[in-house]
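Bear in mind that the values in this text are calculations on the coordinates, not laboratory data. Computed from a prediction, not measured in an experiment: that's the story for all the values here. Neighbour counts run over all protein chains shown; Cβ positions are idealised from the backbone, glycine included.
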Amino acid sequence: MKKILVPTDFSACADRAAEVAFELAKKDQAEVHFIHLVDIPVDWVNLVETGQNNMYPDVTAKVKEINDQLDVRVNKAAAEGISSKKFVFYNCNYKYIIEHVKNFNCDFVVMGSHGSSGLTEWFIGSNTQRVVRTSPVPVMVVKGDKPFLPMDAIVFSSEFEQDTLQGFKKVVDFALALGVKIHMVFINTPGNFTETVDIEARMEKYTSAVGQEGVIAGTWVYNAFDFEKGLVTFVETHGSLIAMVTHGTKGSLTERIINHVDLPVLSVLF
């Protein structure tokens, strides 16, 4: 990882995401990009500084406060020996986050969330889901107050179909960068029951394909009546981060977990 993007609304959970980004950046000498989106009158953007101050003093003050808040986070990064930059986009939606990832070759996105009560005020509902659905790089959604760094292990939850293997390889790369192991788990529920022997055969194809046997801590078939509860119970004893591969479709299983489970989630689009 060379560049990590942190969208921020300056809330406590967004700052928690920044702290996680700092820890990840230290692992690989990565640069952190802070990005903030703000809606303001279009006229202000097109005016010269004198006109901005005279015609929209309240907007000018708001923009200054935004830049001051970003400077606080850039300075905090510098104090921890981390290179960082700030970016403000006016009257933009989530697509500018994706564009920033592409234009600056960011490797990773870290976002904050309030947990099951909803996402941060700036990232309410569909915007966050759209970032997860469309980001070409992995997205980590950091939730709640429970610390998970230093990371114990990653729990990769999947049905282990062949078409998601490339996404799993990105999870492996992430684990290798952090020096942690992966627990591969299939949550076997009555509504999606699969014979253990069939799941184990799929898992074997995954472990063989990645060629990184040392990074795999174990493979598991975990029986549960409810997928979400089963996954949470498994993670409590096997790791501190959930990793999932998403098809990028609305209402996906990955989105459900991000919305309803108070654990950090790494989402990888394939």
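So between Glu204 and Thr249, what do we pick up on full extension, going 0.36 nm a residue minus the alpha carbon distance? If you can, show how the numbers build up before the last one.
Working: separation 45, 0.36 × 45 = 16.20 nm, distance 2.68 nm.
Fully extending the segment from Glu204 to Thr249 adds 13.5 nm.
For Asn91, which sequence-distant residues (separation of 5 or more, or a different chain) have an amide H within less than 5 Å of its own amide H, given hydrogens modelled in the peptide plane?
Val38, Asp39, Ile40
I need the peptides 136-142, 7-13, 67-73 ranked by packing, meaning the mean over residues of other C-beta atoms within 10 angstrom, with the highest value on top. If you can, show how the numbers build up before the last one.
Values: 136-142: 21.7, 7-13: 19.3, 67-73: 15.3.
Listed from highest to lowest mean packing, they are 136-142, 7-13, 67-73.
(i) 33.1, 100; (ii) 20.0, 72; (iii) 18.6, 58: which one is Rg and Dmax of the Cα atoms in Å as calculated from this entry?
(ii)
In nanometres, what is the gap between the two model label sites at Glu195 and Ala79, each 7 Å from Cα along Cα-to-Cβ?
6.0
Place +1 on the Cβ of every Lys and Arg and -1 on the Cβ of every Asp and Glu in segment 153-269, take the dipole about the Cα centre, and give the residue among Ile187, Gly248, Phe225 whose Cα lies farthest towards its positive end.
Farthest towards the positive end: Gly248.
If each DSSP helix of 4+ residues adds -39,500 (n - 2.57) and the sum is divided by the residues in the chain, what number results at 222 nm, nearest 500 deg cm²/dmol? The partial results should precede the final answer.
Working: 10 runs with 119 residues, N = 270.
Result for the chain: -13500 deg cm²/dmol, rounded to the nearest 500.
Using the basic label-point model (7 angstrom from Cα toward the beta carbon), what is the Lys64 to Thr50 distance in nanometres?
Modelled inter-label distance: 1.8 nm.
State which entries of Lys26/Lys76; Lys3/Lys27; Lys86/Lys250; Lys2/Lys85 exceed 22 angstrom in Cα-Cα distance in the structure shown.
Working: Lys26/Lys76 13 Å; Lys3/Lys27 12 Å; Lys86/Lys250 31 Å; Lys2/Lys85 13 Å.
Where the Cα-Cα span goes over 22 Å, the pairs concerned are Lys86/Lys250.
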